[in-house]
1. For D:258, C:86, what ranking results if the residue with the fewest other Cβ atoms within 10 Å of its Cβ goes first?
2. Divide by every residue of chain D the summed helix terms, -39500 (n - 2.57) for each DSSP H run of at least 4, and state the resulting mean residue ellipticity at 222 nm, rounded to the nearest 500 deg cm²/dmol.
3. Where Lys and Arg each count +1 and Asp and Glu each count -1, what net charge lies around residue A:307 among other residues with Cβ under 15 Å from its Cβ?
4. Note down the net charge around residue D:216, summing +1 for each Lys or Arg and -1 for each Asp or Glu among other residues with Cβ under 13 Å from its Cβ.
5. Taking the Cα centre of each part, how many Å lie between region C:132-183 and region C:190-240?
6. Kindly put D:153, B:174 in sequence by how many other C-beta atoms sit within 10 Å of each C-beta, fewest to most.
7. Listing A:31, D:246 from the residue with the fewest other Cβ atoms within 10 Å to the one with the most, what is the order?
8. So how far, in whole Å, is the C-alpha centre of region B:60-126 from the one of region A:11-36?
4 protein chains.
Amino acid sequence: MKGRKLLMIPGPIEFEPEVLQALGAPTTSHTAPDFIASFGNSLRMMKKVWECPDGQSFIMAGSGTLAMDMAGANLIEPGDKALVISTGYFGERYAELLKRYGANVSILRSEPGETVSLSVIENALKKDKFKLMTFTHVDTSTGVMVNPKPIGELGRKYDVLTVLDGVCSVAGEEMRQQQWGIDMALTASQKAIGVPPGLALLVASPKAMDAWKNRKTPVGNYYCDWTHWLPIMQAYEEGRPSYFGTPSVNLVAALEVSLKMILAEGMENRVARHKALAKEFREKIREMEFRMMPVNEDISANTLSAIYFPESINASEFMGGMAKSDVIVAPGLLPELKSKYFRVGHMGSVNLSDIVSTIAAIENTINQLKNLP
Amino acid sequence: MKGRKLLMIPGPIEFEPEVLQALGAPTTSHTAPDFIASFGNSLRMMKKVWECPDGQSFIMAGSGTLAMDMAGANLIEPGDKALVISTGYFGERYAELLKRYGANVSILRSEPGETVSLSVIENALKKDKFKLMTFTHVDTSTGVMVNPKPIGELGRKYDVLTVLDGVCSVAGEEMRQQQWGIDMALTASQKAIGVPPGLALLVASPKAMDAWKNRKTPVGNYYCDWTHWLPIMQAYEEGRPSYFGTPSVNLVAALEVSLKMILAEGMENRVARHKALAKEFREKIREMEFRMMPVNEDISANTLSAIYFPESINASEFMGGMAKSDVIVAPGLLPELKSKYFRVGHMGSVNLSDIVSTIAAIENTINQLKNLP
Amino acid sequence: MKGRKLLMIPGPIEFEPEVLQALGAPTTSHTAPDFIASFGNSLRMMKKVWECPDGQSFIMAGSGTLAMDMAGANLIEPGDKALVISTGYFGERYAELLKRYGANVSILRSEPGETVSLSVIENALKKDKFKLMTFTHVDTSTGVMVNPKPIGELGRKYDVLTVLDGVCSVAGEEMRQQQWGIDMALTASQKAIGVPPGLALLVASPKAMDAWKNRKTPVGNYYCDWTHWLPIMQAYEEGRPSYFGTPSVNLVAALEVSLKMILAEGMENRVARHKALAKEFREKIREMEFRMMPVNEDISANTLSAIYFPESINASEFMGGMAKSDVIVAPGLLPELKSKYFRVGHMGSVNLSDIVSTIAAIENTINQLKNLP
Amino acid sequence: MKGRKLLMIPGPIEFEPEVLQALGAPTTSHTAPDFIASFGNSLRMMKKVWECPDGQSFIMAGSGTLAMDMAGANLIEPGDKALVISTGYFGERYAELLKRYGANVSILRSEPGETVSLSVIENALKKDKFKLMTFTHVDTSTGVMVNPKPIGELGRKYDVLTVLDGVCSVAGEEMRQQQWGIDMALTASQKAIGVPPGLALLVASPKAMDAWKNRKTPVGNYYCDWTHWLPIMQAYEEGRPSYFGTPSVNLVAALEVSLKMILAEGMENRVARHKALAKEFREKIREMEFRMMPVNEDISANTLSAIYFPESINASEFMGGMAKSDVIVAPGLLPELKSKYFRVGHMGSVNLSDIVSTIAAIENTINQLKNLP
């Protein structure tokens, strides 16, 4: 048990007490009227948070990787061409994933801390006809944020299904799925959505659903196949129970609570809060002579920060010192740079207290390493 | 919220308060020492509950269907021959699932309430060389229990990978995986394991792991691929964190609590308790002129009961009456017989009070339908 | 921890999960707007449950005995004459308590299982001028229920302050404080009010408040003095915080949840439920050849039962057997009869399942003692 | 519900999640073996936290004021002389309280923010023979800490029963009851003991118990009388249940958890942590040009701080601004100075994050009032 330590990693995060209480409540039947309402409400509220009124929402037991897998399994047929825009670990993962379903994958890679330029993307789209394109809105490994709007527009222009991996962004960063032409936006519960890990969440556009309906080959993954899930989501949204796999009753009840809190705050306010706190955090971090991995403010995520250690700091001593503090941060994730940086999540229920506590814990740890008071 | 109503469906079930409290505790990092210990303990305790000391346990975010999918995805290569022994809904599901991975599936079906005889199974195994054979230990749709021991022995004799679908049996029915020669035994958290839904659980024998290692083709399902999961399970069991997908921290913490309670009771005692209470339930049910779907005691599950309505009872009136009682039961699941029977789960933390409460609620409902006092 | 055992003692009882969740929620400030609302709502709802619209409600940290003490401390001055109508342990306690504050106490005692007749009470009131009269609505030691209505009427007729000890009755038995002329009705949270132990609750009539205001001597008990508590209750009811002692924030939040559930059910329905279940319980108990302590149905409480062991049963063997069952019952409380009877609480959230579970546990225990199957 | 706001008032405080979980667990019987163990353990652990191995501990449902009342009710007989050393609101309260029980009270008052000098106390003790002397270890209204050691020594020298009001100190400040000759040390659960409000706690020395045993008059307060409570505490400490009032089962279970955590940390470490964090807090507060109410460091409490507003700050604007922040602080309590200062609690589970969060919230609020960025 973490006790009162502050969990400032890029997921799971600090959850609202109301969410945890819903999680720990006695489990009801997945066909009970109350639960049907919870599930239906959650599906409807997701479309508001995603800003995709005409989309189809899905809630499944699984991790964020399962949500990624839903796109590969349902939208890729053997031989399909796919373009992966990779800004880190999770772009590479998406490329590997799509290949499993027979995709012919092209990757556009940026250096760590950078993004792929729009002209490079457009060039690729011009040269070749892709069925599907993926990008990582916020890469959890680098803290780099990609602006989804122009990519969605390119997707529309070149008629490519555009998949936004929003595991570390949805409900934390600005994202207007329908307006921006995103065909599928996926996430996991334990990030800015604010629910303990265990739910894969996504909203698919009508165009994405059509692409799936028009497949010529069966979906090669049983659990992920929308054939099983679509009638379930439709039923619960219409207030009827239906069965494919037993839904994660407690997690869905917790999701409903969190989505209500998100909509009560309002997505504009929520994004503004994430921006203001992230900016404050980055400023304070830079004052301590750390360097952010993202090369400029415009591509810095507001949900997490990836921070290079300065030369003067021994990484493992620093992480050891932090482990003794009241604040939990995460190590690097990119294999080649793992020991050169660390990561701090600041999303969901994050507030000013969390930011200053984290800064103070970092300062203290450095002072202890330097034998300062 | 279900309040104090008693949840007597074949999962989710009534959970121990300690399990729900672990679920609702503040989420820690998936790399925190406490959580690493919880995960490792759970993997180790599973092997004790499954009675498979040399097996490899897996814990993944997902429903029971995902656990079924793990076998199909990892053990089947296109063209493999598979034998499905079907005693209901979930046998049919397994056949469909295996086909997705290219299996050439033969099905041996029983009538509802019956099992497939061992001679029929052995004949099939003699006639054809199968790579893999599945059977449903307890079919949640029919309440039929299949004795795993002779099937495991046939599996050994004919060198077939034997997969036990134990979604509705593990931790409730007698199951000695290693001794009986079962190569994979899978379940879901919300059944006799006693944890709210959201975890897919399985233990694979060394032979199953070898079959996977010796595949000639890659696993066609990204999320299910043991390539990703095996190093994670090994790491946590050895006390190190590792990352593929974020584990369901709270559910794993709850799982550890439940497994500890299961082992504290002892599997012998636990199975004996399930048997005694199920027998008591069936006796009382028969006294009310209901008929059990399983045709005899030997093949009646101890974890749930499927019960035919007598002619004198209008099924929908009965279910409506039960909905007003303090006890929640489940409708039929077999599409063709849906309105002819209902189901009662009695597993996990079930005790005598639950049994008598359920019997009383059924009696009362019938009396009300008959306008009796 | 009690796990899933059923708590069927005369308090604490089985609480609604929503109440327990409110109890375990992070504590807020006793001056926070949310808490002020909770406290104010609770005070207002109490007057509805007590049916005393013009009364003054009080909520204090303490046990039911503290609630009894509030009457003695605030309404008795040295030399005052008090009449105690005693139907068991708690009548005797009230007599002793009132003496501490200088009362000149007369007691009218019934035999265990009986009540004091109205004519005896009226005779006493005729012979002497009493300032205050107390009676135990339901005596937790005997399961005897006294009808408050005629006693309230006698109190009015003879101008005596009438104090109803409702520790084991309020929110479970019919009680119309204002209409029936009761001047103070007190209880504890852990009984039919449905909240874990720790709150003393009472509603005082304007006449009771006047009697206190017109005291000639100061209240001799610091903690109980309404001088301290009245402004606090008035402030919270008006939406302002105020301070005497820190209120039990979590218990008050839980109380608000429980009172809402009580009013949502409706007091008429709630009393009817208690009556029907208690009748069912008594019938089943008598079928087993037990004898109830209350000598007839009219004076049998609906919130608990006190049950004599038949000759054929060894009391300590029976209690030992019950301790191994799933149901927790209470031993006798009257010192002189302690080993001759036991007690079962059936109040608050009690439902049919609880009744049949308790009956079944008792039957089983007896059968085991008799070596029956 | 407070959500994730930080509760930094002088009680209730931020509680450890484990404590809240114990509080919300299903209530068991007050005579169940588990509960008997919890109660007994708590009584024993209190003597360790209080450092009074030969003392008698008491746990009762009630607020801190009830704990104060226990001394007055049990140790004072009409006409007894009592000396109250008052450093604020709670000294005045103790004087008033003792008078209720017939004490002849002399008060030694300090100015707000100061203490009464030892020579003044000794002079008073020389001049007159007092039965009992009280002092407030930390006065919650002023943040002034009195050193108990020399007062305990004076108590011994002049043979006076010395009562330490430790509501805001026990388990946060250094206190060695037995060694320092304190005859009764009392507190409330919601302060440094770390349990939601509702329990009055105290440890009495053998000398205090003897004084009560040798009373010539009965205790004039029924609920507080040790005659009722002593056998209960002795029984639970010996592992037997006993009944006077129903104990607050859930709060006692939570108390056991908190006391275990306190002893696991160790009282030396715990006091050192409180000192270090309080010092840090005061330094940062002074840097912002606030002035502490205690006139010097030696008499500054480590559990809370009372802070004067500078002239430049409008108190109600400041409190309004803080109410919008993530941190909850308390207003002044001394009636005459109420609007001139505010109070911050920093005790129990307090850590560095809490301190820096509070400082940041105060800074931000001031900047907003001054229209600074």
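Bear in mind these aren't lab numbers, they're just calculated from the coordinates by the rules spelled out. All values derive from a computational prediction rather than experimental measurement. Ideal geometry is used to build each Cβ from the backbone, glycine not excepted, and the neighbour counts take in all protein chains shown.
1. Working: D:258 27, C:86 20.
By the 10 Å Cβ count, ascending, the order reads C:86, D:258.
2. Values: 13 runs with 158 residues, N = 373.
Here the helix-only value at 222 nm equals -13000 deg cm²/dmol.
3. On the way: positive: A:279, A:282, A:284, A:286, A:291, A:338, A:340, A:343; negative: A:139, A:280, A:283, A:287, A:289, A:297, A:311, A:363.
Charge balance in the 15 Å sphere: 0.
4. Values: positive: D:131, D:213, D:215; negative: D:77, D:80.
Neighbourhood net charge equals +1.
5. Here the two parts' Cα centres lie 18 Å apart.
6. On the way: D:153 15, B:174 20.
In order of increasing Cβ crowding within 10 Å: D:153, B:174.
7. Working: A:31 17, D:246 26.
Ascending Cβ contact count within 10 Å gives the list A:31, D:246.
8. Centre-to-centre (Cα) distance: 34 Å.
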